[in-house]
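Colleague: Quick one: this structure, given as structure tokens, is what I'll be asking you about.
The values are calculated or read from the model by the stated rules, or taken from the named source; none is laboratory data. In this text the structure is predicted, and so the values were computed from the model without any measurement. Neighbour counts are summed over all protein chains in view; Cβ atoms, including those assigned to glycine, are modelled from backbone coordinates with ideal geometry.
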Amino acid sequence: MSVLNKTYNNSQFYSEKYRPQFHFTPKKNWMNDPNGMVYYEGEYHLFYQYHPGGLQWGPMHWGHAVSKDMLTWEHLPIALEPDDLGTIFSGSVVVDWNDTSGFFNGKEGLVAIFTHCKEEVQSQSIAFSKDKGRTWVKYHGNPVIPNIGIKDFRDPKVFWHHETNKWIMVLAAGQKVMLYGSTNLIDWTYLSEFGNDEGAHGGVWECPDLFQLSVDGDSSNNKWVLQVDLGDGAIAGGSGGQYFIGEFDGVTFQNENSPNEINWLDYGKDFYAAQSFSDIPEKDGRRIWMAWMSNWKYANELPTSPWRSTMSIPREVELRKMENGLIKLFQKPIAELKSLRLDQYVIRNQYVNGDANVLAGQKENTFEIVVEIENLTADEFGFKVRQSSNKEETAIGYNVLNNVLFVDRENAGEHEFSNQFKGRHSFQMNNSQETFKLHLFVDKSSVEVFFNDGEAVITDLVFPEDQSKEMEFYVVNGEVKIVSLELYTLKSTWE
Ligand code: FRU
């Protein structure tokens, strides 16, 4: 029986095998990229690439959900459906505060800027909403940017650029991005392009984002971050994201690092198409994004039903200056996640040498661990989570000898759906570490590992049995000191 024909009542959703408990998933059917992320009138909006007709990628719509805290989501009806101009690919939403578009009779409203795709020809279109995103009217003059002879020409992300008083669109075009400007969201002028010879080019570029951040929170030192995904050839294999840091003057983006330098967003295999919220109030000041937790290498085969695909937890992004003077992007879990914490288990100042498992007896399949460890003499240490009597486990560790942080999902659980799935994903550090901070989020079918306050992140899906709830802290050849370890059970956001 197909997913569509089967009738579900609400109480059956969100308790299925592998169903994430504190990550966003659609009730049923296929989802990919987050789209149209915007904060407006107390609501965070998440639109997403959605195929309401099945569990595989198909004619794209924009699904829609809203939240007050980015954690508990209310599903809303589909926002944008295919029409004569094509299906609805990725894009963004902005608040048109000053009615620059003229759609809102002098008031304000939401404007969606998205890609129309018809017979593989892609163009950019807009739609507007006067009722907080509940209903949308497509602009009669669509497309606002017709195709210009480039096959992959999509995923507009738009923001207001105060300094030059205009809207800026960053658009993926083949293996570069193109920038356009507009005063009314309708008439767009080509400004510049970036990326032909910069960064990683293992696949077509997709889903860019461009925003300004202060360095180390110092508002007199701002830099621009250009986030771009690539469809193949990312660090862990398949699709993944990279970023550039530099200057943007309203026309051109200038990378301040060497064009050959590649900065990966995530060292796992399942963090794609990250998009940041538009219009988060200045007094909040955070830049927060979410990404699609999957990989085009196997996205269509994942063993979940009646839904397929999950969003990452929302992450706050920051720029920090490293000891070597380089500026790097850090990602950290949003503070709101603390509201999900239930039971707590704490260890402080304990020496561990591998003989005893200090987490013996702890059993969870949706949890968070915050830990600081001092390495004394060990060759390797870390966690084994989602474990069951040595049948399956996901290892998250630090190999001291090779200076490598890793997630190993070789024996994590179900993997037969794709030969691209199993494996170990790692982050190679430049310097050896004496103290070591990790922040882990483990859900029914994922692990997200934030290393040293978000200097590196590894995001990986895993498909263990529901009962695989055991966990272990292991130490190989030597001793470490657990300075502090906090383990929290996390409550479901779907109950
Ligand atoms: C990225 C992507 C986008 C496109 C969308 C189509 O995952 O390929 O470039 O707009 O998915 O669903």
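Colleague: So the check is Cβ under 6 Å with 6+ separation or different chains; which pairs have a first residue in the range 182-209 that's more than 21 Å from Asn35 (Cα to Cα) and in the same structural domain as Thr252 (by TED's automatic domain parsing) and a second one that's surrounded by fewer than 22 Cβ atoms within 10 Å (Cβ to Cβ) and modelled with pLDDT under 95?
Modeller: Correct list of pairs: empty, since none qualify.
Colleague: Of all the residues that make up the range 272-302, how many are crowded, with 22+ Cβ neighbours inside 10 Å, closer than 24 Å to Pro52 by Cβ and out of contact with any Pro (no Cβ under 9 Å at 6 or more places or on another chain)?
Modeller: Adding up the residues that qualify gives 5.
Colleague: Name the one entry in Gly149, Gly181, Gly174 that is farther than 22 Å from Ile78 by Cβ, surrounded by fewer than 17 Cβ atoms within 10 Å (Cβ to Cβ) and away from the ligand (no atom under 16 Å from the Cβ).
Modeller: Step by step, each of Gly149, Gly181, Gly174 is checked, and only Gly149 is farther than 22 Å from Ile78 by Cβ, surrounded by fewer than 17 Cβ atoms within 10 Å (Cβ to Cβ) and away from the ligand (no atom under 16 Å from the Cβ).
Colleague: Check whether at least one residue in the range 58-69 is modelled with pLDDT of 95 or more, at positive phi and either surrounded by fewer than 22 Cβ atoms within 10 Å (Cβ to Cβ) or not aliphatic (A, V, I, L, M) (or both), and report yes or no.
Modeller: No, because not a single residue in the range 58-69 is modelled with pLDDT of 95 or more, at positive phi and either surrounded by fewer than 22 Cβ atoms within 10 Å (Cβ to Cβ) or not aliphatic (A, V, I, L, M) (or both).
Colleague: Something else about it: So is Asp187 away from the ligand (no atom under 14 Å from the Cβ), surrounded by fewer than 18 Cβ atoms within 10 Å (Cβ to Cβ), closer than 30 Å to Leu405 by Cβ and more than 23 Å from the chain's Cα centre (by Cα) or not?
Modeller: Here the answer is no, as Asp187 does not meet what is asked.
Colleague: A further question follows. Enumerate the strands (runs of 3 or more DSSP E) found wholly within the range 449-495, keeping only those where 3 or more residues are under 28 Å from Arg308 (Cβ atoms).
Modeller: It comes to 456-461.
Colleague: May I ask you to list the residues in the range 245-304 that are under 21 Å from Leu179 (Cβ atoms), of a type outside the set (Gly, Ala, Ser) and within 16 Å of the ligand (Cβ to nearest atom)?
Modeller: Scanning the range 245-304 gives Leu265, Gln275, Trp289.
A quick yes/no check of all residues on (1) over 21 Å from the mean Cα position of the chain (by Cα); (2) under 24 Å from Tyr44 (Cβ atoms); (3) touching a residue at least 60 places away in the same chain (Cβ under 8 Å); (4) surrounded by 16 or more Cβ atoms within 10 Å (Cβ to Cβ):
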{"residue": "Thr304", "(1), (2), (3), (4)": "no, no, yes, yes"}
{"residue": "Trp307", "(1), (2), (3), (4)": "no, yes, yes, yes"}
{"residue": "Leu326", "(1), (2), (3), (4)": "yes, no, yes, no"}
{"residue": "Ala335", "(1), (2), (3), (4)": "no, yes, no, no"}
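Colleague: Considering only residues that are farther than 23 Å from Phe47 by Cα and either of a type in the set (Val, Ile, Thr) or part of a loop (DSSP other than H, G, I, E, B) (or both), look in the range 152-171 and name the one that is farthest from the ligand (Cβ to nearest atom).
Modeller: Result: Asn165.
Colleague: Could you look through the range 70-101, keep only residues that are of a type in the set (Gly, Ala, Ser), touching a residue at least 40 places away in the same chain (Cβ under 8 Å) and part of a strand (DSSP E or B), and pick out the one that is surrounded by the most Cβ atoms within 10 Å (Cβ to Cβ)?
Modeller: Among them, the one singled out is Gly91.
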